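Engineer: Take this structure first; my questions come after.
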Amino acid sequence: MVEMFTELSPVYQALIATLFTWGMTALGGSLVFFFTTINRKLMDGMLGFAAGVMIAASYWSLLAPAIEMAENSGDTPAWIPAVVGFLAGGAFLWSIDKVLPHLHLGFPKSEAEGIKTGWQRSILLVLAITLHNIPEGLAVGVAFGAVAYGLPSADLAGAVALAIGIGIQNFPEGTAVSVPLRREGLSKFKCFWYGQLSGIVEPIAAVIGVLAVLAMRPILPYALAFAAGAMIYVVVEELIPESQLEKNTDIATIGTMLGFAVMMTLDVALG
């Protein structure tokens, strides 16, 4: 099985990896069939965990390889691709955030962001999670695209570790989407459906990311930093504020530390 995976093209590798992360979202969302509510402290811990995973992945799986690649190429100072790509990734998410209608967990519908719309609250909640799944999919796609060039700073184990880390944090994320939707009056099946649907954007974003990298090798360090910037934007703009909303700061902080430690372990041990 491992040999078959290594022989696949980077596009198929990224697709399979993000189908796994999507599956983990769906698995987490399936808990709505067993639980109708979720403890707010537990949710804040899960949001913190997701933030920790994304912060660690942004450095070890994306920024560090981007800087190393730029140093090895010698074409430009190593900090330029990292800084430019990182800020561009944040700007990209900022622009989508201002356009896509969405609503963060725990906020009234009147505080929905993006273009004003009459969409249901449940749809807006799902779109908020979908928004931050875009950089996760891009990160996995770019990571597998980097492996295709055989660069010492990018290896298959590291890309797989990134996908595993994102998959792990997608499990509680799926739960955090589907279970609260029960309070909106939706059936259990609809809650599960919307929960897993929030992760479908990851395989799409991954394929786009890997194709872009394969088409233009010079953008690789920029693309890695771009994905990192997009993920950090989501962490600071969405995950951390939501995890602190009910003042469960200790639990949210511990969750963040644990998430960071898990992703760091995965990347260092496997990558």
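Engineer: Within the range 213-241, restricting attention to residues that are at pLDDT below 85 and surrounded by fewer than 24 Cβ atoms within 10 Å (Cβ to Cβ), which residue is farthest from S73 (Cα to Cα)?
Structural biologist: E238
Engineer: In addition: On the given criteria, is G199 outside any helix (DSSP H, G or I) and under 18 Å from E136 (Cα atoms)? Lay out the reasoning, then the answer.
Structural biologist: Numbers: outside any helix (DSSP H, G or I): yes; under 18 Å from E136 (Cα atoms): yes.
So G199 fits the description; yes.
Engineer: So if I check each of G185, G195, which one is farther than 29 Å from A269 by Cα, surrounded by 24 or more Cβ atoms within 10 Å (Cβ to Cβ) and of a type outside the set (A, V, I, L, M)?
Structural biologist: G195
Engineer: Looking at M69, M43, M54, which one is in contact with a His (Cβ under 9 Å, 6 or more places away or on another chain) and open to solvent by less than 30 Å² (accessible area, probe 1.4 Å)?
Structural biologist: Numbers: M69 fails: in contact with a His (Cβ under 9 Å, 6 or more places away or on another chain); M43 fails: in contact with a His (Cβ under 9 Å, 6 or more places away or on another chain).
The conditions single out M54.
Engineer: Taking the range 176-194 as the region of interest, how many residues are modelled with pLDDT of 85 or more and either under 14 Å from the mean Cα position of the chain (by Cα) or assigned to a helix (DSSP H, G or I) (or both)?
Structural biologist: From the range 176-194, those modelled with pLDDT of 85 or more are 178, 187-193; that's our starting set.
Next cut, either under 14 Å from the mean Cα position of the chain (by Cα) or assigned to a helix (DSSP H, G or I) (or both) only: 178, 188-193.
So the count comes out to 7.
Engineer: Scanning for something modelled with pLDDT of 90 or more, open to solvent by 50 Å² or more (accessible area, probe 1.4 Å) and either aromatic (F, W, Y) or assigned to a helix (DSSP H, G or I) (or both), does the range 58-65 turn up at least one residue?
Structural biologist: yes
Engineer: Sort out which residues of the range 105-136 are open to solvent by less than 20 Å² (accessible area, probe 1.4 Å) and of a type in the set (V, I, T), and write them in order of number.
Structural biologist: Answer for the range 105-136, where residues must be open to solvent by less than 20 Å² (accessible area, probe 1.4 Å) and of a type in the set (V, I, T): V126, I129.
The values are calculated or read from the model by the stated rules, or taken from the named source; none is laboratory data. Because the structure is predicted, anything quoted here is derived from the model rather than measured. Neighbour counts are summed over all protein chains in view; Cβ atoms, including those assigned to glycine, are modelled from backbone coordinates with ideal geometry. Please note that ligands, DNA and RNA were not included when accessible areas were found on the heavy atoms of the full protein model with its side chains. Shrake-Rupley method; radii C 1.70, N 1.55, O 1.52, S 1.80 Å.
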